[in-house]
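Below is one structure; the comments refer to it alone.
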Amino acid sequence: MAELKAVIFDQDGVIADTERDGHRVAFNRAFKEFELDIGWDIETYGELLKVGGGKERMRHYFYREGLAKDIENIDIFIKELHKRKTEIFVEMIEKGQMGLRPGVARLIRECHDAHIKLGVCSTANERAVHTLLRNLLGNEVYGWFNPILAGDVVTRKKPDPEIYNLARERLALSPQDCVVIEDSQNGLLAAKKAGIRCIVTVNGYTQHEDFTSADLVVTCLGDIEGEKTEILAGGKDLAFEGQITVPLLRQLIAKEK
């Protein structure tokens, strides 16, 4: 019988709403420093988010817009550009320009208190992932997460299931005993291909994506005295009290697929 033993979080869009006013802004600042006549507005960046990974996103855009032909060594150029973009993003985190999404800190502590393992699987740069977790959660809570998988730890990024299969192997758990929390269709597909139940917590960029295969779709994880969770899809026969909680996750695990 399945038993809740681990909760694995995506980071960008799940732990913190970092895309629109974080990563997008950092990309644009890096483009300016490299004297590129590029500016990703909110709509353009939303389209580019369908491509998993920052370097992959830039490569896709450069080739789509015919810019790659003017760059002598596209691989080295993208690597250096992404390195600078990451430095800018880390500076933004350290200046306190990013914040946790509702209910994240509460649910993490609930899981820890219930002796449920915690993990992070992100396609973002490794330095950015660790910096954000340390700064927004504090060193003690950061230490509760193992594994933290980010950046180029895998060869194929979401929607490929490689990163979630690796996390499950590191945790030494069956997929039936884990829950993934994601915010995008790519993340959902990666989790489901790995055989893991998945809750989607949408944001402004992802709210209109196809989450048909999700076990539960919600607006946010919810706080007891703050923003409440609204269920958008799924959740039939679940005892729900306004937040995503450990008891609710256990109900989700116990349901037949």
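Rule-based calculations on the coordinates, nothing more; no lab input. Just so we're clear, the structure is a prediction, and the values are computed from it rather than from any experiment. With ideal geometry, Cβ positions are generated from the backbone for all residues, glycine too; neighbour counts draw on all protein chains shown.
Please order Ile8, Ile148 by the number of other Cβ within 10 Å, starting at the fewest.
Ile148, Ile8
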## Note on the structure
Row for the chain, column shape: gyration tensor on C-alpha, a ≥ b ≥ c, rounded if a/c < 1.5 i.e. under 1.5, prolate if a/b over b/c, else oblate; value prolate
### Query
With the contact rule set at Cα under 8 Å and sequence spacing of 6 or more, what percent relative contact order holds for the chain?
23
### Estimated vicinal HN-Hα couplings, Hz - segment 90-103 in sequence order (Karplus 6.51, -1.76, 1.60; Gly, Pro = x)
4, 4, 5, 4, 5, 8, x, 8, 10, x, 5, 6, x, x
### Query
What is the set of long-range amide H partners of Ala233 at a cut-off below 5 Å, with H atoms built 1.01 Å from backbone N?
Val217
### Under 26 Å from the Cα of Lys79 - lysines, other chains or at least 8 residues apart
Lys32, Lys50, Lys55, Lys69, Lys95, Lys157, Lys158
## Note on the structure
With a ≥ b ≥ c from the Cα gyration tensor eigenvalues, square-rooted, and the rule rounded for a/c under 1.5, otherwise prolate when a/b > b/c and oblate otherwise, segment 19-94 is oblate
### Task
Name the long-range amide H neighbours of Arg197: under 5 Å, sequence gap of 5 or more, or other chain; modelled H, no Pro or chain starts.
Cys178, Val180
### Summary
Check: C-alpha center segment 1-47 vs C-alpha center segment 87-113, spacing in Å is 14
### Cβ crowding within 10 Å averaged over residues, with 74-82, 230-238, 23-31 ranked highest first
23-31, 74-82, 230-238
### Query
Based on the Cα coordinates of segment 54-127, what is the per residue volume of their convex hull in Å³?
127
## Note on the structure
Calc'd 3J(HN,Hα), segment 142-151, phi into Karplus 6.51 cos²θ - 1.76 cosθ + 1.60 (θ = phi - 60°), Hz, glycine/Pro = x, comes to 3, x, 6, 8, 6, x, 10, 10, 8, x
#### Entry: Ordering of 135-143, 158-166 by burial proxy (mean other Cβ atoms within 10 Å per residue, highest first)
158-166, 135-143
